[in-house]
Amino acid sequence: MKAFTYERAKSPAEAARAVNERTGAKFIAGGTNLIDLMKIEVETPTHLVDINGLGLDTVERTEDGGLRIGALVSNTDLAAHETVRRDYGVLTRAIVAGASGQLRNKATTAGNLLQRTRCSYFYDTNQPCNKRVPGSGCAALEGYSRPLGMLGVSELCIATYPGDMAVAMRVLDAGVETVKPDGTTRTIPIADFHRTWDTAPERDNVLEKGELITAVTLPKPLGGTHIYRKVRDRASYAFALVSVAAVMQPDGTGRFAVGGVGSKPWRSAAADAQLRNGASAAARVLTQGAVTTEENAFKVPLVERTLAAVLAEARAKGNAA
Ligand SMILES: Cc1cc2nc3c(=O)[nH]c(=O)nc-3n(C[C@H](O)[C@H](O)[C@H](O)COP(=O)(O)OP(=O)(O)OC[C@H]3O[C@@H](n4cnc5c(N)ncnc54)[C@H](O)[C@@H]3O)c2cc1C
Ligand code: SF4
């Protein structure tokens, strides 16, 4: 690991300024992704700004009947929160499908959204990787691509966004609240938060230098049946090959987002509109434009089969036509 300096921030604005002012500075929250990457020198920050003391660790009702989740709420606390379990069940289910109990105790809401890809070449500093070293090439294009992406990808990068929680947040239309180094704030719709790889795959998301996530907001509850189904190579402690987060209504309408297939959790209003016509129709629309490799082409039918299982589960619970 490369040497680095360290400070504890006293306020969100001060943390944002501290990261903005120093070349190579980064925030650290739970550290469960960042420290792993620092150990193998994929990440080499020169300075860490610890945000754990900022008090961004509460879950509160918003005026419009939604929820504001502090950036530092742990995955364990969020999944177990009474309101989340009752009104946003898809979020609880997605979180507990990820990592392990110990990791979820440390991992934070913002850190989870910002976790980096699991492409094996990203982790191997002997291999070309545009995401790790811009302009160096992409070893996965001609290499091992089975777990990698087919939507939002390009010749520059075919990595997937690996997380589970964000797939549920995408189906719930979450917003990401931030503060910038100049003190201004904004809310970024989750649909626009993670990027596609048509340019600059080294930038996973639209955050600017020094911009700190302070909270994630959820609109008022949707009702319906909440389902998260994750298909993976091992029964636990593995990332999704394909996952589906869905909220289905009693009349058979609903919404769904898919993980494990794209540069970001993938969702389309046109695919949602096809749910009443069944998994095949909805999956066909969702995967339109997919660019596959020989090794990951199986993900196209896997999306359909996973969605079919989700719709069957919703029907069994009496919530879909
Ligand atoms: C073995 C293993 C298995 C895993 N399996 C899964 C899985 O199946 N599913 C899944 O979804 N995840 C999985 N994870 C990933 C895990 O969920 C993430 O490591 C964790 O959520 C990251 O949160 P953190 O708070 O530790 O982030 P950190 O490691 O502290 O930070 C991650 C990144 O976010 C930045 N950051 C943190 N907070 C902020 C903020 N408020 N504003 C701006 N930037 C910020 C940091 O600078 C860093 O770049 C796994 C991890 C491991 C190690
Ligand atoms: S797919 Fe992306 S992360 Fe993987 S080697 Fe290619 S550029 Fe790097």
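The values are calculated or read from the model by the stated rules, or taken from the named source; none is laboratory data. What you are looking at is a predicted structure, and each value in this text was computed from that prediction instead of being measured. Backbone-built Cβ (ideal geometry, glycine too); neighbour counts: all protein chains shown. The accessibility values were calculated without ligands, DNA or RNA, using every heavy atom of the protein model including side chains. Shrake-Rupley method; radii C 1.70, N 1.55, O 1.52, S 1.80 Å.
What order, most packed first, do the peptides 27-33, 283-289 have when packing is the mean number of other Cβ atoms within 10 Å of each residue? Could the numbers behind the result be given before it?
Values: 27-33: 20.1, 283-289: 17.6.
Those peptides, ordered most packed to least, come out 27-33, 283-289.
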More than 33 Å apart: what percent of Cα pairs in the chain qualify?
23
Using only the alpha-carbon atoms, what does the stretch 225-319 span along each of its principal axes? Please give whole angstrom values in decreasing order.
38, 31, 19
Need the list of lysines near Lys317 for cross-linking: C-alpha distance under 27 angstrom, and skip anything on the same chain fewer than eight residues off.
Lys220, Lys230, Lys299
Residues in the stretch 31-45 near a label at Glu7, defined as backbone nitrogen under 18 Å from the 7 Å Cα→Cβ point?
45
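Between Tyr144 and Asn20, what FRET efficiency comes out of the Förster formula 1/(1 + (r/R0)^6) with R0 = 41 Å and r the beta carbon distance, rounded to 0.05?
Rounded to the nearest 0.05, the efficiency is 0.65.
Are there any helices in the chain, counted as whole DSSP H runs, that stretch 18 Å or more along their axis by Cα and score at least 0.5 on average by Kyte-Doolittle, and if so which? Could you put the intermediate results ahead of the total?
Working: long enough: 299-316 (25 Å, 0.60).
Once both thresholds are applied, what remains is 299-316.
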Please list, in order along the stretch 39-44, the HN-Hα scalar couplings obtained from phi with the Karplus expression 6.51 cos²θ - 1.76 cosθ + 1.60 (θ = phi - 60°), rounded to whole Hz, x for Gly and Pro.
4, 9, 6, 7, 10, 9
Using a cut-off of 13 Å between alpha-carbon atoms, which aspartates and glutamates can reach Lys209, once sequence neighbours fewer than 8 places away in the same chain are excluded?
Glu21, Asp182
Per 5 Å bin, what is the whole-percent P(r) computed from every C-alpha pair distance within the stretch 5-52?
5, 24, 31, 24, 12, 3, 0
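So how do Glu43, Glu294, Glu7 rank on accessible area, 1.4 Å probe, biggest first, that is with the largest at the start? Can you show the working numbers first?
Values: Glu43 25, Glu294 185, Glu7 55 Å².
Largest accessible area first, the list is Glu294, Glu7, Glu43.
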Those aspartates and glutamates that a straight Cα-Cα span of less than 17 Å connects to Lys2, excepting residues fewer than 8 apart in one chain
Asp36, Glu41, Glu43, Asp124
